[in-house]
Structure formats: structure tokens, C-alpha cells
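What follows is a set of notes on a single structure, which appears directly below.
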Amino acid sequence: SKRIRFVSHIHPADIPEFTNMQQLLMKGMLYREIEFRLSDAAGRYRWCRLRASSQFDAAGKVSRVIGMLADVDEQKRAEEALQYQADRDELTQLYNRRTARRLIEAILEEPCVQGYRALMVLDVDDFKKINDSNGHMFGDSVLRAVADILTRQFRSEDILARIGGDEFMIFMPGPMEREQGENKARILIQSISRILLRMGLDQSCSIGITQIRKDGGTFDRAYRKADEAL
């Protein structure tokens with residue numbers, strides 16, 4: 001148990017759960033089941049399910065642990081693919097509204113020790129005109145282009161979502177200051193204006209942004225304020 005984090009083929013992110021299982025079984029827990037990633041001979045991580053059970057000596061102390069390891073990689077990846085599809089907007093592959101709200105609410109439950117969090121709502125200007133003039137397939141390509149810009153300009157920890165029609169939402173968990181959020185919004189408007197111009201459109205987008213104070217706040221209140229700003 002002391003060497004496992006240095007010599008193990010277990011995925012680094014899964015080691016804490018694995019060592020926790022070890023400790024619980026050594027303390028006398030009868031049975032434990034976990035899923036974790038284990039590298040194979042080619043160095044590729046595969047999902048495994050471990051069912052482990054403690055055995056005791058005559059004095060009632062844990063003498064050993066026996067277990068069964070099963071390769072569940074295909075099943076796990078199929079489940080992940082289904083979950084990915086359920087969480088995403090089909091057209092842009094950003095989060096859908098329901099998933100974004102769930103993720104944001106979970107973050108808002110945790111305190112922000114300094115600075116602020118920020119929520120943006122983005123709307124493509126006169127999007128109906130784009131659809132009416134160029135057709136819905138062209139309109140879809142515009143939405144995908146906007147989503148691509150969002151993906152490239154924001155961090156992996158930021159939450160990006162298409163929340164309906166031509167409306168997008170960006171949540172930045174911070175900490176950040178007001179000027180940072182405003183600068184980000186200005187850069188985003190410029191980037192989207194340039195890409196729309198390349199597509200033959202003399203249009204841009206509008207962004208409403210609100211700060212969420214470090215002492216908390218609800219998703220509904222933040223979204224309402226950002227939508228009013230928009």
C-alpha cells in the first residue's frame with residue numbers, strides 16, 4: 001500500500017479510490033467493489049471492476065483479501081458514450097442546457113475564496129435573418145463555427161453550453177475580476193465578428209455578463225441578470 005502510487009499500473013486519478021478501498025478492507029470491511037483504470041501491456045488504460053473480500057484469522061483480524069478482477073472496458077466506454085450523448089447538444093457538441101445547469105449549480109455550492117465567478121449569455125445578432133436568407137443548413141454551420149470559437153478561447157474548466165436556438169452560455173468558475181470577464185467578452189465578440197465576415201455575413205453577436213459574488217448565489221438569479229444584460 002505504501003509503494004502502489006510509485007510502481008502501480010493504476011491510472012493516477014484512480015489511485016486515491018484504490019488505496020481507500022485497501023484501507024477499508026484492512027480495517028475489517030467485509031466487501032468492497034470499485035471500478036478503476038489499469039494499463040495493459042501496450043500501455044493503454046482499460047476499465048476494470050474489482051470485487052474484493054476480507055478474510056479473517058482465528059483472532060478476528062484481517063489475514064488477507066481475495067478478489068476478482070474483470071475487464072469491463074467495452075461496457076464502461078459504451079456507457080460513457082451514451083452519457084456523453086445525453087449531456088451534449090447534438091449540433092455543436094457543447095453541453096446542453098440541463099447538463100450545464102447541473103454542473104454550474106454544483107460549483108456554486110462551493111465557496112469562491114477570492115475574486116468572482118462570471119456567467120455569460122451570448123446571442124447571435126439577427127440569426128433568424130441568416131436562416132431566412134441562407135437556409136437552415138447554413139445557419140447550423142454558423143452555430144458550429146461559434147461553438148468552435150468558444151471551445152478554442154475558453155479553458156477546459158469553463159462550462160460551455162448551447163442553451164437553445166442561437167443562444168449560448170459560458171460559465172467561468174474563477175476566481176476572476178470584473179475587467180477579466182469584460183475583456184474576455186470583447187475578444188469573443190471580435191472573434192465571432194471576424195468568422196461571420198469570412199462566411200459572408202455582416203453581423204456579430206451580443207453578450208450579457210454578470211458576476212457571481214464569492215459568497216454564493218443561485219443559477220437562476222445569475223442567469224436572469226446575464227439575460228437582462230444581454
Out of GLU157, GLU179, sole residue that is of a type in the set (D, E, K, R) and within 19 Å of the chain's Cα centre (by Cα): GLU157
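Residue-by-condition table, conditions (1) among the hydrophobic types (A, V, I, L, M, F, W, C); (2) at positive phi:
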{"residue": "PHE168", "(1), (2)": "yes, no"}
{"residue": "GLN180", "(1), (2)": "no, no"}
{"residue": "ARG186", "(1), (2)": "no, no"}
{"residue": "GLN190", "(1), (2)": "no, no"}
{"residue": "LEU196", "(1), (2)": "yes, no"}
{"residue": "GLY200", "(1), (2)": "no, yes"}
{"residue": "SER206", "(1), (2)": "no, no"}
Evaluation of ARG117 against (1) exposed (fewer than 15 other Cβ atoms within 10 Å of the Cβ); (2) basic (Lys, Arg); (3) within 27 Å of THR218 (Cα to Cα) (one fails), failing number: (1)
Among residues of segment 32-60, those that are within 22 Å of VAL72 (Cβ to Cβ), surrounded by 11 or more Cβ atoms within 10 Å (Cβ to Cβ) and not hydrophobic (A, V, I, L, M, F, W, C), counted: 11
The listed residue being exposed (fewer than 11 other Cβ atoms within 10 Å of the Cβ) and modelled with pLDDT of 90 or more, out of LYS27, LYS2: LYS27
Test: ALA100 is within 30 Å of LEU24 (Cβ to Cβ) and either open to solvent by less than 30 Å² (accessible area, probe 1.4 Å) or assigned to a strand (DSSP E or B) (or both): no
Residues that are under 28 Å from ASP140 (Cα atoms) and in contact (Cβ under 8 Å) with a residue 40 or more places away in the chain, drawn from segment 196-218: LEU196, MET199, LEU201, GLN203, SER204, CYS205, SER206, ILE207, GLY208, ILE209, THR210
Selection count, segment 172-207, where residues are at pLDDT 90 or above and either in contact with a Cys (Cβ under 9 Å, 6 or more places away or on another chain) or open to solvent by less than 20 Å² (accessible area, probe 1.4 Å) (or both): 10
Residue match in segment 105-123 (condition: outside any helix (DSSP H, G or I), under 17 Å from ASP227 (Cβ atoms) and out of contact with any helix residue (DSSP H, G or I) (no Cβ under 9 Å at 6 or more places or on another chain)): yes
Only listed residue being modelled with pLDDT of 95 or more and within 30 Å of ARG152 (Cα to Cα), chosen from LEU94, LEU82: LEU94
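The values are calculated or read from the model by the stated rules, or taken from the named source; none is laboratory data. Note that this is a predicted model, so its numbers are computed, not measured. As a convention, Cβ positions derive from the backbone with ideal geometry for all residues, glycine included, and neighbour counts pool all protein chains shown. Just the protein is used for accessible areas: all its heavy atoms, side chains included, with ligands, DNA and RNA removed. Shrake-Rupley method; radii C 1.70, N 1.55, O 1.52, S 1.80 Å.
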